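*Asks:* Here you go, one structure.
The values are calculated or read from the model by the stated rules, or taken from the named source; none is laboratory data. Because the structure is predicted, anything quoted here is derived from the model rather than measured. A quick note on method: Cβ atoms are made from the backbone with ideal geometry, for glycine too, and the neighbour counts reach across all protein chains shown.
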Amino acid sequence: MHLKYESQLREPLVYGDKTYKQVTEDIVRPIEAKPTKLWYIGFYIAVALLMFGVYSVYREVTYGIGQWNLNKTVGWGWDITNFVWWVGIGHAGTLISAILLLFRQGWRTGVNRAAEAMTIFAVMCAGQFPIFHMGRVWMAFFVLPYPNTRGPLWVNFNSPLLWDVFAISTYFTVSLLFWYSGLIPDFATVRDRAFTKLRKKLYGVASFGWTGSTKHWQRHESLSLVLAGLSTPLVLSVHTIVSFDFATSVIPGWHTTIFPPYFVAGAIFSGFAMVQTLMIIVRKVFGMEDYVTIGHIEAMNKVIVLTGSIVGIAYLTELFMGWYSQNKYEGYTFWYSRAYLFSPYGWSYWGMMACNVLSPQIFWFRKMRRNIFVTFFMSIIVNIGMWFERFVIIVTSLYRDYLPSSWSVYYSPTIWEIGFYAGTFGLFFTCFFLFAKYFPVIAIAEIKYVLKTTGEGYKNQMAGIEEQPLEDFVHQHAH
Amino acid sequence: MEQKKHWQSFGELNQSEAYNKEVKDEFNEDLPFVAEEGNSFLDAKAPRRDFLKYLGFSTAAAAAAASCEMPIKKAIPFANKPEDVVPGVAKYYATTYVQDGDAVSILAKVRDGRPIKIEGNDLSPITKGGTSARVQAAVLDLYDTARLRFPTIDGKEVTFEAADKAIAANITGSVVILTSTVVSPSTKAVINQLLAKYPGSKHVTYDAVSYSAMLLANEATNGVRAIPSYRFDNAKAIVSLGADFLGTWISPVEFARQYAAGKKIDEKNPEMSKHIHFESVASLTGSNADEKYLHRPSETGAIAAALLSAVNGQAITGITDAKLKSGIEKAAKALTAHKGAALVVAGSNDVNIQIIVNAINNAIGAAGTTINWAEIDYTRAGIDAEFAKLVDEMNAGAVGTVLIHGANPVYSWHDAEKVKAGLKKVKTSVSFAAKVDETADLCKFVLPDNHFLESWGDAEIKSGHFSFIQPTISPLFKTRQWQDSLLKLAGSNEDYLAYLKNFWSAKLGGVAGWDKALQDGVVTTSTGVVSGGNFNSAAVAGAVAAINTAKKSGKIELVLYQKVGIGAGQGASNPWLQELPDPVTRATWDNYVIVSPAMAKTLLDIDLNNGGQADAYEVNPPKKVVKVTVDGKTIELPALIIPGTDANTIGIAVGYGRSEKLGKAAAGVGKNAFALACTNGSTVSYTCADVTVVVTGETYPVALTQTHSRYDTAQGNRTEVMKELTLAEYKHKPSEIRDERAKELRGQISGGEKLNNEEVLEKFEAKGTIYPVYDRPGIKWGMNVDLNTCNGCGACVVACNAENNVSVVGKPEVLRGHEMHWLRIDRYYSGDMENPNVVFQPLMCQHCDNAPCENVCPVAATNHSSEGLNQMTYNRCIGTRYCANNCPYKVRRFNWADYTGADSFGDNQRGEVNDVVLDMNDDLTRMVLNPDVTVRSRGVIEKCSFCVQRLQEGKLQAKKDSRPLADSDVKVACQQACPTNAITFGNANSKESAIHIVRKETPNRQFYVLEQLHVMPGVSYLAKVRNSEEVAHHEGGSDKAAHETKEHA
């Protein structure tokens, strides 16, 4: 009788025969070592982009939204496109952490930390757009329902933009807490290894006095579960509410009931693509191929091909309804403004189709799913496609809406609109570089948790057991 | 005990003379605005208006001086309140808009000493309260920063005394007075006084756009060198040979009102006048015609001759084009069918054509019915040949002194170089121009005239119709009425006011009559009898013969036309008019070459029937530049494709390419096309044959405010946007529009398929939504626009700008779709692309009861009032633009930059906003702002408020009088300005209100734009009805074929 059980389908979650010590060493090494030249170059580029973004926003705040090429008909353009895009990216982190935690998907451990960090930074970037797209950003606090001296002046709870305020701030808060609570044991590990006083102090404060006692672990586990439970509906609700910005309006192309699921699927799609982009770089740069394995990458590619196809069905449904409803206004938006290749914005629709629906289909092939270069390339293609999707929804619906008299001239961004977008890339990567330098990019504690049941060590252990006579095993394990 | 004496100064102790005087006068300064006893305030040394002017100006100046980073603006209250001025309450003074020949009776609204708005004078029997865009915009000219602020000699500032002396010393021998048409009888008397003083002198009248041919033709056929009055309201059949009588021809405000009378439809007995239009380049009038035929300008004479033959029952010869021929036959049929109620007008400046037109009018019995010779129109009197002779005389050195007022031939004469050369040879050249125009620039002396709002005067617009001018503000600068200057030169000691007063007191029965005339603004002595004059047919045969021998052109031809806003250049320096989209082309801030879609295909290689090419043309502002060559003279302008233009004809607007000295708005805008005009020996011709047009390969951006013009798309005809039909269809089935509405709404009601049409319309409000519907008691403001009487002239747009302080943004911003107009006039085409039906639709905020903008604002900055107003709270707005996106009518406007200087960020305009915008923020220009309306700052949305400030004022008035609100209490600015009364406004809940009555009495033509969205708009429209036999109203069909037959990928 053999006790050996090795899954033929599931790969190990961690490669190599790692000990706990080794895991800690591998993951904490970048924090303790001096950053590489490459890190500096990347960081400075990110900061430069951020500075350009700050200047672009400065111009917009000082001189007005006229710094952008929006007009009387196209009131939102790159600003809200970028907002929705970043929010979408910010979905994967929480999805990986929360939903996969609840579903007990062991493979999440390799990528969850970085994915959550990405979420937080992406939501930070996203938040810039609705704030700075305001004509009078200095009055932005009007959107907060605070008791005021202006009589019974309250916010408008009917407005989807207000729902956004709540949805995004809640999402950000919960994601941040979730991320941080996961970081506490790892910070404690870094603290315990600290070789300077300052490090010890800073990581000490950051780890909130974690001692690793069973009580701490028990509470930590409970908190993680509670936060996962809270985050799970948020993953679905945030993009649902973002989609309400459009779905509840009267504009043909926006006024669509399938938006909530379609937006959520799209968000997961783009979020996973962004995680792929980042993780492929991180595992390479920090040499963490053993923790972020090809199996992880393949799993995420499966999610990408699934959500990409859902999004594709949504596109086709829209087109179908544009015809089936016999609503001439919707018909025009879907069939002419978008789907007609030679209409002014036809290129963006077909760009979207090519990037989001057609190209991810290569992930039906296992070989492709497991190819790092293809994955990396596709992850970028998908995010370009998802940017197009939001651009298509916003601009092609607005620029030719109900009254032909108001149809707009061709909208293309100014350098300051592009600069704002570039600036959020700067913000994102500045944060990410700092994260990669000062935070454990992989959840050490969680890797150690799965180490018992996966990887070479586990295999060896099982092999040892296998060679044991049954009696010995029983003897050993029966108390 | 002796009383102790206390003293404060040696003066008091000694009771010195100086001290006593000081004590006596301590509090006894003259109040500046108190008049001497027995005299009127206006005769006081510093009249009331001076006081108000200083007050207003110093307030503005103080405010300006205080404007550092965070401007603190102070309003200084009256220390001594003038007796009849209530701060914050406007006064209205009857006066007259006079510019060149044009004269319109108006009321000037004066707030705290400064005129801020012009309204039509309801007492005028000519215009009955109507205005035009140019009249509405004239108040801005008063505050033009480019106005001359002092008299000059050779460009250097002098005093009037010095200038008078110098001119008097320089006059030797005779003088020539060169003016535009003078409508003022007293001024004519003053001119005669001056002419008498210098024997051999003469007065030459010069009109920038000449009506010589009409004057000469009338002299030939009726023995009078004059233009009669036209009565379009009496005409059941109107044929126009290129006369743009609704836009620019003679007296458009009057004609628009008369014309609308024939277009108003009584639903019970639907009848309309029939208007057949022949033209070469799309015009405002042609766009309104029931039927329109296109032809080359060189064919105008042949068409007139053919029409004459046809009305006389003879066969048509000389017209080969079948369409045109049938058009002439139709026109002749209509004219003869309505003998005695028919009218033919022609815009041509060719004497022969005008003689033939007179003959046609004689044949159809127009004289005495639609043409009134008892009332001569005095607004045009220039004879080209007389001016040409003067130019020759000047060049010959025969003119020693020329006094110029109103005329600007250096700009508008086709041979400007010759005028320039001539003017240089004149020893004493005096201009009375208010601004340094092209002619004044070459004059030695410039004695700037007052603006008409600063002037005294009179106008005899037609015989027996007098209109008076009184000042509404003291002259802002060192300017003087030119009549005063003339009187000085004539050696008179009297000033013009005294002269005028005497002149009229004698005629009107003393000072009381004069005062009454000033108060009313108009005096009518005409009895209203319509006279036919005496027609003499002797000249007709010769004219027809001359027409028949005229050569035909085989090449492209050119038409020079005037734009409604800019005219012959009078509006070029006015930013409101420059930014007013031309009703026909919807372009601002430029002139351009108008080409037909057919010519675009061959010349520009743009096929509007090709979806991709049409899109590319529409969405990209840069247009191809073409080089037009006429007679060796060339002009390079961008080409705009305007349907309704003859395939072989191009059009260019005059009035552009003005001198930089006329101000920021005029500088560098367009090119002067007057140079392309030519003369046929006696009159100037504004059409040219044998024109070559070549594409240069360059592009130039044109700021259009509307890029797409058809509501019929490849995915369906958007009949919810616009409804039009023909009179025949309407008579056949009066409920056509109602049925169509029901069809559009039925699908929005659950179980709608079981309801009949009337039930659908009735139940739509309650059943078209899942939300409960509430009653709306009390006041419910509503508006109705009759698309049949609206002719698209744009008076309302400018009136709205003036009333609501709507920002001017300048061309670069219009190009980016940033124009701020609260009210726009959409223009749609339907039918054949080469010669489409055109319909104009004024569109402002629809004040929806179920407004999509209101529920999306996160901060509730836009909300609904209990009176049905969609309100905008600027200081709550944070500028998310969500409301603008969600507005199906796209009437919301965003402040993209600091257009008004009202921003809390200092110094953020330079380099970001146009010079014109900066000029509009000048302290002088800002005096035109309406103090009742907030000036919006950067970053907020704004839109039509239904002139809420006027509604409040009207309600308060009714409340003070303890009576219910009446229609007369409230007139919104666009409604007031409209020359055709196309706009009805009022409390729709009141059974007596006009809006209620209109909606009740015209159920069949009524519709709401995009009604199917269930936004419940507060503005209703009456469908356009065209008096043509064609069946224009059907789904898709030929419209579709002509338009975007686009393939879907």
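*Asks:* Right, B:N875: at the interface with chain A (Cβ under 8 Å from one of its Cβ atoms) and part of a helix (DSSP H, G or I) or not?
*Replies:* no
*Asks:* Just checking, how many residues over segment B:285-324 are of a type in the set (S, T, Y) and part of a helix (DSSP H, G or I)?
*Replies:* 5
*Asks:* Something else now. Condition first: under 27 Å from the mean Cα position of the chain (by Cα) and among the β-branched types (V, I, T). Now tell me which residues in segment A:394-413 satisfy that.
*Replies:* Those that are under 27 Å from the mean Cα position of the chain (by Cα) and among the β-branched types (V, I, T): A:I394, A:V395, A:T396.
*Asks:* Output the residue which, of all residues in segment B:798-816 that are within 14 Å of another protein chain (Cβ to nearest Cβ) and crowded, with 24+ Cβ neighbours inside 10 Å, is farthest from the chain's Cα centre (by Cα).
*Replies:* B:E813
*Asks:* Shifting gears a bit: Has segment A:357-368 got at least one residue that is within 14 Å of chain B (Cβ to nearest Cβ) and over 23 Å from B:Y711 (Cα atoms)?
*Replies:* no
*Asks:* Looking at segment B:472-482, is at least one residue within 24 Å of B:K507 (Cα to Cα) and surrounded by fewer than 24 Cβ atoms within 10 Å (Cβ to Cβ)?
*Replies:* no
*Asks:* In addition: Out of contact with any strand residue (DSSP E or B) (no Cβ under 9 Å at 6 or more places or on another chain) and assigned by TED's automatic domain parsing to the domain that holds B:A440, is that true of B:A396?
*Replies:* Yes, satisfied.
*Asks:* Right, another one. Considering only residues of segment B:196-209 that are of a type in the set (S, T, Y) and at pLDDT below 90, which is nearest to B:S463 (Cα to Cα)?
*Replies:* Among them, the one singled out is B:S201.
*Asks:* Which residue out of B:I191, B:I250, B:I265 is within 30 Å of B:S485 (Cα to Cα), in a loop (DSSP other than H, G, I, E, B) and of a type outside the set (G, A, S)?
*Replies:* B:I250
*Asks:* If you don't mind, there's one more thing I want to ask. Conditions first: (1) touching a His at 6+ places or on another chain (Cβ under 9 Å); (2) crowded, with 24+ Cβ neighbours inside 10 Å. B:T726 passes all but one, so which condition is the exception?
*Replies:* Every condition holds for B:T726 apart from (2).
*Asks:* OK, next. Of all residues being out of contact with any helix residue (DSSP H, G or I) (no Cβ under 6 Å at 6 or more places or on another chain) and surrounded by fewer than 22 Cβ atoms within 10 Å (Cβ to Cβ) in segment B:677-687, which is modelled with the highest pLDDT? Just the residue, please.
*Replies:* B:S685
*Asks:* Being among the polar types (S, T, N, Q), touching a residue at least 12 places away in the same chain (Cβ under 8 Å) and within 9 Å of chain B (Cβ to nearest Cβ) narrows it down to one of A:T396, A:T375, A:T333, so name that one.
*Replies:* None of the others qualify; the one that does is A:T333.
*Asks:* Let me ask you something else. For segment A:48-92, which residues satisfy the criterion of being aromatic (F, W, Y) and touching an Asp or Glu at 6+ places or on another chain (Cβ under 8 Å)?
*Replies:* Residues satisfying the conditions are A:Y63, A:W68, A:W78.
*Asks:* Next up: Quick one: count up the residues across segment B:423-449 that are in contact with a strand residue (DSSP E or B) (Cβ under 9 Å, 6 or more places away or on another chain) and assigned to a helix (DSSP H, G or I).
*Replies:* Qualifying residue count, segment B:423-449: 4.
*Asks:* Among residues belonging to segment B:852-872 that are part of a loop (DSSP other than H, G, I, E, B) and within 31 Å of the chain's Cα centre (by Cα), point out the one that is farthest from the other protein chains (Cβ to nearest Cβ).
*Replies:* The residue in question is B:G868.
*Asks:* Applying the selection to segment A:69-87, what residues are more than 8 Å from chain B (Cβ to nearest Cβ) and assigned to a loop (DSSP other than H, G, I, E, B)?
*Replies:* Passing the criteria: only A:G77.
*Asks:* For segment B:441-464, what are the residues that are in contact with a Pro (Cβ under 7 Å, 6 or more places away or on another chain) and of a type in the set (D, E, K, R)?
*Replies:* B:E454, B:D458, B:E460
*Asks:* Same structure again: From B:N591, B:N534, B:N548, grab the single residue that is in contact (Cβ under 8 Å) with a residue 24 or more places away in the chain, touching a Lys or Arg at 6+ places or on another chain (Cβ under 9 Å), polar (S, T, N, Q) and not assigned by TED's automatic domain parsing to the domain that holds B:E299.
*Replies:* B:N591
*Asks:* Condition check: free of Cβ contacts under 8 Å to residues at least 24 places away in the same chain and either part of a helix (DSSP H, G or I) or hydrophobic (A, V, I, L, M, F, W, C) (or both). Does B:N801 satisfy that?
*Replies:* no
Rundown of residues vs (1) away from chain A (no Cβ under 14 Å); (2) small (G, A, S), yes/no style:
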residue: B:G681; (1), (2): yes, yes
residue: B:T705; (1), (2): no, no
residue: B:G716; (1), (2): no, yes
residue: B:V721; (1), (2): no, no
residue: B:E758; (1), (2): yes, no
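*Asks:* Return a yes/no flag: does segment A:417-429 have any residue that is under 30 Å from B:G817 (Cα atoms) and within 14 Å of another protein chain (Cβ to nearest Cβ).
*Replies:* yes
*Asks:* Could you check how many residues of segment B:627-647 are among the polar types (S, T, N, Q) and surrounded by fewer than 22 Cβ atoms within 10 Å (Cβ to Cβ)?
*Replies:* Final tally of qualifying residues: 2.
*Asks:* Select from segment A:357-373 the residues that are surrounded by 14 or more Cβ atoms within 10 Å (Cβ to Cβ) and charged (D, E, K, R) and write down the one among them that is nearest to A:F388 (Cα to Cα).
*Replies:* A:R369
*Asks:* Inspect all residues belonging to segment B:969-985 and state whether any of them is among the aliphatic types (A, V, I, L, M), away from every other protein chain (no Cβ under 14 Å) and within 30 Å of B:K731 (Cα to Cα).
*Replies:* Yes, there is a match, as at least one residue in segment B:969-985 is among the aliphatic types (A, V, I, L, M), away from every other protein chain (no Cβ under 14 Å) and within 30 Å of B:K731 (Cα to Cα).
*Asks:* Do we have B:A304 as under 22 Å from B:Y259 (Cβ atoms) and either under 33 Å from the mean Cα position of the chain (by Cα) or not assigned by TED's automatic domain parsing to the domain that holds B:A677 (or both) here?
*Replies:* Against the criterion (under 22 Å from B:Y259 (Cβ atoms) and either under 33 Å from the mean Cα position of the chain (by Cα) or not assigned by TED's automatic domain parsing to the domain that holds B:A677 (or both)), B:A304 qualifies.
*Asks:* Among the helices (runs of 4 or more DSSP H) contained in segment B:968-1049, which hold 2 or more residues that are modelled with pLDDT of 90 or more and buried (at least 23 other Cβ atoms within 10 Å of the Cβ)?
*Replies:* Fully inside segment B:968-1049 and qualifying: B:973-977.
*Asks:* Only residues in segment B:879-898 that are at the interface with another protein chain (Cβ under 7 Å from one of its Cβ atoms) and within 15 Å of A:N69 (Cβ to Cβ) count as the first member; pair them with residues that are surrounded by fewer than 24 Cβ atoms within 10 Å (Cβ to Cβ) and among the hydroxyl-bearing types (S, T, Y), Cβ under 8 angstrom, at least 6 apart or cross-chain, and list the lot.
*Replies:* Hits for this filter: B:A897/A:Y63.
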